[in-house]
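Data first, discussion second: the structure below is written as structure tokens.
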Amino acid sequence: MNETIIDYYDNLAKDYDHDRFSNSYGRFIDYQERRVLSQWNVTPSGTVDLACGTGRLTDFAEMGVDASEGMLAEARKRHVAKHFICAPGQATTLPDESVDTVISFHLMMHLEPSLIQEIGEEMARILRPGGRFIFDIPSQCRRALLGKKRDSWHGSTGLDLKDVEEIFGGKFAIKRRHGIMMLPVHHLPKFLRKPLRSLDYALCGSMLKSHSSYVVYELIKR
């Protein structure tokens, strides 16, 4: 994992949840991510939260892994009974075929495709046969439609369905996808954001899902 990324999150750790998820925009995203995980029956038993950060979604897992010690310090405060490991996604230190499900949010978008592929290989190593790898990635389809380009590492990588198949297809099969945030939420008045969450979620599950801001993939280990 890039040391620049680790340092960035170490420095943000104490204020990360307040700055990113205590506002109506952050709550909009958190609501949709939790709804996907619940709909896909993700439960803590046998589940690892990769790039768990402050543990925002670690209530869906029994263990968290993150490369930032600063973020893990916050996660341990939130989930005092859970186990956390400081390690990068491509070298988790977990035993072979020891995990049923891995969830990972807001990680892949910061990484080069070559490193994403290394993480995929690590997931194939630690997951049991038939195990699930659930992760999100910005939609390259939407970025191309809007003509958006990123100049820094932060959120720079977007993928489309074909890209995901090429990166993970040798070891995983794509079971299903669901979008996150179809509407331009950051442009909506704050008082409209909560009432529109369910409509947005429905759109993100429709045939338009590839045009959501992010797409969540559920991969099954072959």
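The values are calculated or read from the model by the stated rules, or taken from the named source; none is laboratory data. Quantities reported herein were computed from a predicted structural model and do not represent experimental measurements. Heads up, the Cβs are rebuilt from the backbone with ideal geometry, glycines too, and the neighbour counts pull from every protein chain shown. For accessibility, only protein heavy atoms count, side chains too; no ligands or nucleic acids. Shrake-Rupley method; radii C 1.70, N 1.55, O 1.52, S 1.80 Å.
Here are some notes:
- Filter result for GLY120 (open to solvent by less than 50 Å² (accessible area, probe 1.4 Å), at pLDDT 95 or above, outside any strand (DSSP E or B) and within 25 Å of GLU3 (Cα to Cα)): yes
- Residues being hydrophobic (A, V, I, L, M, F, W, C), farther than 16 Å from ASP17 by Cα and in contact (Cβ under 8 Å) with a residue 40 or more places away in the chain - total across the stretch 63-101: 3
- Filter result for ILE126 (farther than 27 Å from MET181 by Cβ, surrounded by fewer than 21 Cβ atoms within 10 Å (Cβ to Cβ) and at pLDDT 95 or above): no
- In the stretch 94-101 there is no residue that is of a type outside the set (Asp, Glu), modelled with pLDDT under 95 and open to solvent by less than 40 Å² (accessible area, probe 1.4 Å).
- Residues satisfying the stated conditions in the stretch 106-117, i.e. assigned to a helix (DSSP H, G or I) and either open to solvent by less than 50 Å² (accessible area, probe 1.4 Å) or among the hydrophobic types (A, V, I, L, M, F, W, C) (or both): MET108, MET109, HIS110, LEU115, ILE116
- Considering PHE133, PHE60, the condition of being touching a Pro at 6+ places or on another chain (Cβ under 8 Å) and either under 24 Å from VAL215 (Cβ atoms) or without any contact (Cβ under 8 Å) to a residue 24 or more places away in the chain (or both) is satisfied by PHE60 alone.
- Criterion (crowded, with 22+ Cβ neighbours inside 10 Å and either out of contact with any Asp or Glu (no Cβ under 8 Å at 6 or more places or on another chain) or modelled with pLDDT under 95 (or both)) met by exactly one of ASP30, ASP49, ASP17: ASP49
- Enumerated helices (runs of 4 or more DSSP H) restricted to the stretch 145-222, each holding at least 1 residues that are under 18 Å from ILE29 (Cβ atoms) and of a type in the set (Asp, Glu): 197-204
- Qualifying residue in the stretch 130-142 (condition: over 26 Å from ARG34 (Cβ atoms) and open to solvent by 40 Å² or more (accessible area, probe 1.4 Å)): no
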